[in-house]
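Here the structure comes first, spelled out in C-alpha cells, and everything after it is commentary.
The values are calculated or read from the model by the stated rules, or taken from the named source; none is laboratory data. Only a predicted model underlies this, so the values are computations on that prediction, with no experimental measurement involved. No Cβ is skipped: glycine too gets one built from the backbone with ideal geometry, and neighbour counts run over all protein chains shown. Heavy atoms of the whole protein, side chains included, go into the accessibility calculation; ligands, DNA and RNA do not. Shrake-Rupley method; radii C 1.70, N 1.55, O 1.52, S 1.80 Å.
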Amino acid sequence: MMNRFDLLSELSKKLVDNRDIVISPLGYTSREWYGINDRKENFYFLGSMGMPISFGLGVALSTDRNVIVLEGDGSCLMNLGALSTVGKLLPKNLKILIMDNESYSSTGGQLSATATNTNLSEVAKGCGIKDSMEISDYSDLDFILGDLFKSGTKLRAFKINNQKGNTPRIDISSVDIKTRFKKFLKEEVYA
C-alpha cells in the first residue's frame, strides 16, 4: 500500500497553477499537502471535519477550473449526504480523492467503517457518481492521476497505509487561508 505523502507528491506533479484548485481536510492530509505544495489555489480546513466535499462542490459550481477535493475516509463518512448532492449535480470539473487509511488517524487511529463494512466508492456509485473506483494497485499511478483531469465528476478512494509524512503544522491562520483563497477566486472572476 502507498502512503499518503507519496500519493500527494505524485498528485502535485499533475497540477497546473492558476488552473487547478485543491481543497483539503483537517489533519495530516492538509499538513502534508501544505508541506508539499502550498499555493494560493489551496484551501485548507483546519477545524472542521466532514465539509471538504460540500465546500469543493460549491467552488466547482462557481468556476470552470478543476476542483480537486482531498478527503479522508473518516471525514467523508461524517457527511455522506454530500455525495448524494454531488451525484445529483455532477459538475464536470469536480474530482474527489479520498485518502482511505481505514482509520481516524488524526484523533488516535481508531478504525473507521471502511476497515470493515463500507466501500466509499460503492457508496458514491449509489449516490449517482458513476465514475467512482477504489484504488489499491498503484502500478499505473501516473495514468490513474492523469485520468482524473479528464472531464466529468470523478471519485477515487485510494487505499493507503497509516504512515504519516514528517511535515510541520500549517503556519497560516484560518483567517489568512480564507482571505488568500477569496482573493484568488475574486481575481478569477475579474480576470
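What residue among LEU57, SER9, GLY126 has its Cα farthest toward the positive end of the dipole of the chain, where the charges are +1 on Lys, Arg and -1 on Asp, Glu, each on the Cβ?
Result: LEU57, furthest along the dipole toward the positive end.
Rolling a 1.4 Å sphere over the protein heavy atoms, what is the accessible area per residue of the chain, to the nearest Å²?
That works out to 46 Å² per residue.
From the Cα gyration tensor of the stretch 148-191, with a ≥ b ≥ c the square roots of its eigenvalues, which class applies: rounded if a/c is under 1.5, or else prolate if a/b is larger than b/c, or else oblate?
Judged from the Cα gyration tensor, the stretch 148-191 comes out oblate (a/c at least 1.5, b/c at or above a/b).
Name the long-range amide H neighbours of SER112: under 5 Å, sequence gap of 5 or more, or other chain; modelled H, no Pro or chain starts.
Amide H neighbours of SER112, under 5 Å, 5+ apart: SER103, TYR104.
Whole-Hz Karplus ³J(HN,Hα) for the stretch 95-109, in order, using 6.51 cos²θ - 1.76 cosθ + 1.60 and θ = phi - 60°, x for Gly and Pro?
My calculation for the stretch 95-109 gives 10, 10, 10, 9, 8, 9, 9, 6, 7, 9, 5, 6, 10, x, x Hz in order.
Which order do peptides 36-43, 153-160, 140-147, 87-94 fall in by mean Cβ count within 10 Å, highest first? Each step should come with its number before you reach the end.
Details: 36-43: 18.4, 153-160: 23.6, 140-147: 13.6, 87-94: 16.5.
The densest-packed peptide leads the list: 153-160, 36-43, 87-94, 140-147.
Taking the dipole about the Cα centre of the chain, with the C-beta of Lys and Arg at +1 and of Asp and Glu at -1, give me whichever of VAL69, PHE184, MET99 is farthest to the positive side.
Ranked along the dipole, the leading option is PHE184.
At a temperature of 37 °C and a viscosity of 0.692 mPa s, determine how fast the stretch 8-52 diffuses translationally according to Stokes-Einstein, using the Kirkwood radius over alpha-carbon pairs as Rh; express D in µm²/s, rounded to the nearest whole number.
305 µm²/s
Return the whole-Å distance between the Cα centroid of the stretch 109-168 and the Cα centroid of the stretch 12-32.
Using only Cα atoms to place each centre, the spacing works out to 15 Å.
Given LYS92/LYS164; LYS13/LYS125; LYS95/LYS186, which pairs have Cα atoms separated by over 26 Å?
On the way: LYS92/LYS164 32 Å; LYS13/LYS125 28 Å; LYS95/LYS186 22 Å.
Over 26 Å Cα-Cα: LYS92/LYS164; LYS13/LYS125.
Rank THR107, THR167, THR118 by mean-square fluctuation in a GNM of the chain with C-alpha springs under 10 angstrom and give only the top-ranked residue.
It is THR107.
Of the accessible area of the chain, with the probe set at 1.4 angstrom, what percent is carbon plus sulfur?
Values: 4510 of 8820 Å².
Taking all protein chains in place, the chain shows 51 percent carbon and sulfur surface.
Only helical DSSP H runs with n ≥ 4 go in: add -39500 (n - 2.57) per run for the chain, normalise by residue count and round the 222 nm mean residue ellipticity to 500 deg cm²/dmol. Write out the running numbers ahead of the final one.
Details: 8 runs with 75 residues, N = 191.
About -11500 deg cm²/dmol.
Show which lysines lie in cross-link reach of LYS183 when reach means a straight Cα distance below 19 angstrom and same-chain residues fewer than eight apart are skipped.
Of all the lysines, those that pass the test against LYS183 - Cα under 19 Å, at least 8 places apart if same chain - are LYS40.
Of the candidates ALA113, ALA124, ALA60, which one comes out as most mobile in a Gaussian network treatment of the chain with C-alpha springs shorter than 10 Å?
ALA113
Once the mean 1/r over all distinct Cα pairs of the stretch 14-165 is inverted, what Kirkwood radius in angstroms do you read off?
15.3 Å
Under the 0.36 nm per residue contour assumption, what length would be gained going from the current alpha-carbon distance of VAL16 and GLN110 to full extension?
30.3 nm
Give the calculated FRET efficiency between GLN163 and LYS186 to the nearest 0.05, with a Förster radius of 35 Å applied to their Cβ-Cβ distance.
With R0 = 35 Å, the Cβ-Cβ based efficiency is 0.35.
Within 12 Å, Cβ to Cβ, of LYS95, how many net charges do the neighbouring residues add up to if Lys/Arg are +1 and Asp/Glu are -1? List each step's numbers first, then the result.
Numbers: positive: LYS14, ARG65, LYS92, LYS150, LYS154, ARG156; negative: ASP20, GLU71, ASP131, ASP147.
Result for the neighbourhood of LYS95: +2.
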